[in-house]
Every structure is written in structure tokens, then in C-alpha cells.
Amino acid sequence: MRHLLEIDDLSTDELEDVLARSAAADLAPSLTGKGVALVFEKPSARTRNSGEMAVFQLGGHPAYIQGTELGFDVRETVEDIARTLAGYYEIVCARVFKHETLERMVSTESVPIVNLLSDQAHPMQGLADVLTLQQQFGDIAGKTIAYVGDPNNVWRSLSIAAGMLGANLRLAAPAGHQPSDSDLARIRAAGGDPEISQDAASAVKGADAVYTDVWVSMGETGDTDAKKEAFAQFTVTNAVMAEASPDAIFMHCLPAHRGEEVSAEVADGPQSRIWPQAENRMHTARGLLSWLSEQ
Ligand code: CP
Ligand code: NVA
């Protein structure tokens, strides 16, 4: 039984298969007569709606379920909920506060589990990100992706996905907000070799794509004002984009906070690919669910 908790749950060949399915116009309706649970402990615009449409396009029935209704470890245990849902659904997808919740669902060995975002990873976003890069550049091996901002769930999955496809990775983040050794080891094991700096301008120099995400993620605790202060010099502005390749694109998983991690003129400017990137969430959800339902 296969699951997707992080991109490196796929081999590189499997990742390429999922991306090919995502771009295909003639996918078999592999979920006809079957249901897919979409469980959310946190809000969503893209993930819920792209997921519902992807299941529909594969002939299946998407069931949106609020996490509070299930009550993980409140109403009953995570394991009992997973085993229950496995009786009705072909695949269970979940957006959770704690990555461990997904690991406990997997441990029941009852149904394929898909991570719709946890505190650790956002693999469904990573799939859409590399499809967007491929649509822009073709083969992304040797292309340079500069991520400016918080090395968070989105950064991890992007780095693993792009690293598996041979892209060069750079990260700019302030002191005190650098990635852990275990994050870097996992990205290297997947094939990436990130260059880490504390300077946005040098990290984006000559880059083909500049990526950012919010400085404070959903469910994050701690001193968020202090964190925003620490990232104040890491806004992707026109001046930062001017250091990148003249053909560089700007990417953001959304939701965006214009005036914080990105200026409005970049998010809404000619280099921005945020809308095709958001639409690709549906195409890659369809590709992933097609692949998973045939395992
Ligand atoms: N990018 C993304 O996951 O968006 P939502 O939080 O709206 O699903
Ligand atoms: N890093 C963000 C991504 C939202 C799609 C968060 O976890 O809130």
C-alpha cells in the first residue's frame, strides 16, 4: 500500500509518472464508483477545491470533512478514525496540524494516506510547483530555483521535488531561521544540494525562478511579530527580481501577504506565475490520485 506524506515517498521515476499523468488529457477515470476523503484541520482555498475537482474528474466522489467533526484524539483516536474511513473511502487525504497524525494514520495499514499539508511538508504543492517549472522551462535539470523566506513545509517539499529532478537549489533566510541539518540531509538524499545564504540578492543572482511563502504558517506558535521582524529584509521586491535572470519567473504557493514576503508589484507583475501555479494544483492532484489509485 502506497502513501504520499512527502515527495520522496515517490521514486524519481514515479514522480515523473505522476507529472506525466498531470499533464495528460486522456487519463482513465480510475475512481469511478469510489470515494476519496478530504479531511481538513486548517482552512484551504486551493487544496480543498483542486482536490474536489480532481476526484470528480477521475469519476470519483470527493467528501470534504472538517477535522473538528472527526475530533482527532478528542472524539476518538487518530487510528480509529483512519480505520473507520478506510471502510468507505479508496484514499484518505488530510491537512493536519501535526505530521505525526498522518504517520499514525499510515501505521494502521488500512488505506492510502495523502498529506494535504502538515507542519512538516506540503507534497501536493511540490508537485504543482515542479509541473509549473516544467511548463516554463521544459526539463528543469540545471535550472536554478532561489527560495527567499522561511524554510517551511512548502520549502521542504519544493526542495525535495526539484532536487529529485536535478534543479539547483538556493535558499536565503535570516540567522536563527536556517534549515535543520536533518532537513538538508533529506534534501541531499533526494538528489538536491541546496546553497544556503542570509542574503536575498546574492541568492537570486542569475536564478531562473524566485519562490517565496508566508513568514508565519498556519498553526505556528511563538513570537510571530519577532519572526516577521527577522524576515523584514527578505521581501521579494522588484529590486530582488532584478538580480535574477531577465527571464526569471516568480512563484508563490498562496495565500500571499503582499507587502510582507512579496511586494504587490512582483506578485501581480509580468514575471509572476502564481495563477498557473494555483491551477496546476488541480492537474497534479488528478495526476497523483490517478497514480495512487492504480497501485
Ligand atoms: N497553496 C495552498 O495549499 O493553498 P490553500 O491553503 O488555500 O489550500
Ligand atoms: N506555509 C504555509 C503554506 C500554506 C499553503 C502554511 O503552512 O500555512
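Taking ASP150 and the conditions (1) closer than 13 Å to CYS253 by Cβ; (2) outside any loop (DSSP other than H, G, I, E, B), which numbered condition does it fall short on, given that it satisfies the others?
Of everything listed in (1) closer than 13 Å to CYS253 by Cβ; (2) outside any loop (DSSP other than H, G, I, E, B), ASP150 misses just condition (2).
With respect to GLU69, determine if the residue is more than 16 Å from ligand 2 (Cβ to nearest atom), open to solvent by 70 Å² or more (accessible area, probe 1.4 Å) and closer than 26 Å to ASN152 by Cα.
Spelling it out, it is not the case that GLU69 is more than 16 Å from ligand 2 (Cβ to nearest atom), open to solvent by 70 Å² or more (accessible area, probe 1.4 Å) and closer than 26 Å to ASN152 by Cα.
The conditions are (1) open to solvent by 30 Å² or more (accessible area, probe 1.4 Å); (2) in contact (Cβ under 8 Å) with a residue 24 or more places away in the chain; (3) under 16 Å from the mean Cα position of the chain (by Cα), and TRP275 fails exactly one of them. Which is it?
Of (1) open to solvent by 30 Å² or more (accessible area, probe 1.4 Å); (2) in contact (Cβ under 8 Å) with a residue 24 or more places away in the chain; (3) under 16 Å from the mean Cα position of the chain (by Cα), only one is false for TRP275: (2).
Within the range 151-173, is there a residue that is closer than 22 Å to PRO43 by Cα, modelled with pLDDT of 95 or more and of a type in the set (Lys, Arg)?
Taking every residue of the range 151-173 in turn, at least one turns out to be closer than 22 Å to PRO43 by Cα, modelled with pLDDT of 95 or more and of a type in the set (Lys, Arg).
Return yes when ILE7 is farther than 19 Å from LEU131 by Cα and either of a type outside the set (Phe, Trp, Tyr) or open to solvent by less than 10 Å² (accessible area, probe 1.4 Å) (or both) and no when it is not.
No.
Is there a residue being over 21 Å from ARG156 (Cα atoms), within 16 Å of ligand 1 (Cβ to nearest atom) and open to solvent by less than 40 Å² (accessible area, probe 1.4 Å) anywhere in the range 39-49?
Looking through the range 39-49, at least one residue is over 21 Å from ARG156 (Cα atoms), within 16 Å of ligand 1 (Cβ to nearest atom) and open to solvent by less than 40 Å² (accessible area, probe 1.4 Å).
Are there any pairs with C-beta distances below 7 angstrom linking a residue in the range 215-242 that is under 24 Å from SER118 (Cα atoms) to a residue that is among the basic types (Lys, Arg) and within 15 Å of ligand 2 (Cβ to nearest atom), with the two at least 6 apart or on different chains, and if so which?
Close Cβ pairs (under 7 Å, with a partner that is among the basic types (Lys, Arg) and within 15 Å of ligand 2 (Cβ to nearest atom)) amount to TRP215/LYS227; TRP215/LYS228; VAL216/LYS227; VAL216/LYS228; MET218/LYS42; GLY219/LYS42.
How many of the residues in the range 125-151 are within 13 Å of the chain's Cα centre (by Cα) and open to solvent by less than 10 Å² (accessible area, probe 1.4 Å)?
8
Provide a single number: the residues in the range 27-38 that are free of Cβ contacts under 8 Å to residues at least 60 places away in the same chain and either within 15 Å of ligand 2 (Cβ to nearest atom) or surrounded by fewer than 20 Cβ atoms within 10 Å (Cβ to Cβ) (or both).
Looking only at that region, the number is 4.
Just checking, how many residues over the range 131-151 are within 16 Å of ligand 2 (Cβ to nearest atom) and more than 19 Å from VAL240 (Cβ to Cβ)?
Residues that pass the stated criteria total 1.
Could you please find all residues in the range 33-52 being more than 18 Å from VAL111 (Cβ to Cβ) and of a type in the set (Val, Ile, Thr)?
Selection gives THR47 alone.
The values are calculated or read from the model by the stated rules, or taken from the named source; none is laboratory data. Everything quoted here is computed from the prediction, not taken from an experiment. So basically every Cβ, Gly included, is an ideal-geometry build from the backbone, and we count neighbours across all protein chains shown. Accessible surface is based on the protein model in full, side chains and every heavy atom, while ligands, DNA and RNA are left aside. Shrake-Rupley method; radii C 1.70, N 1.55, O 1.52, S 1.80 Å.
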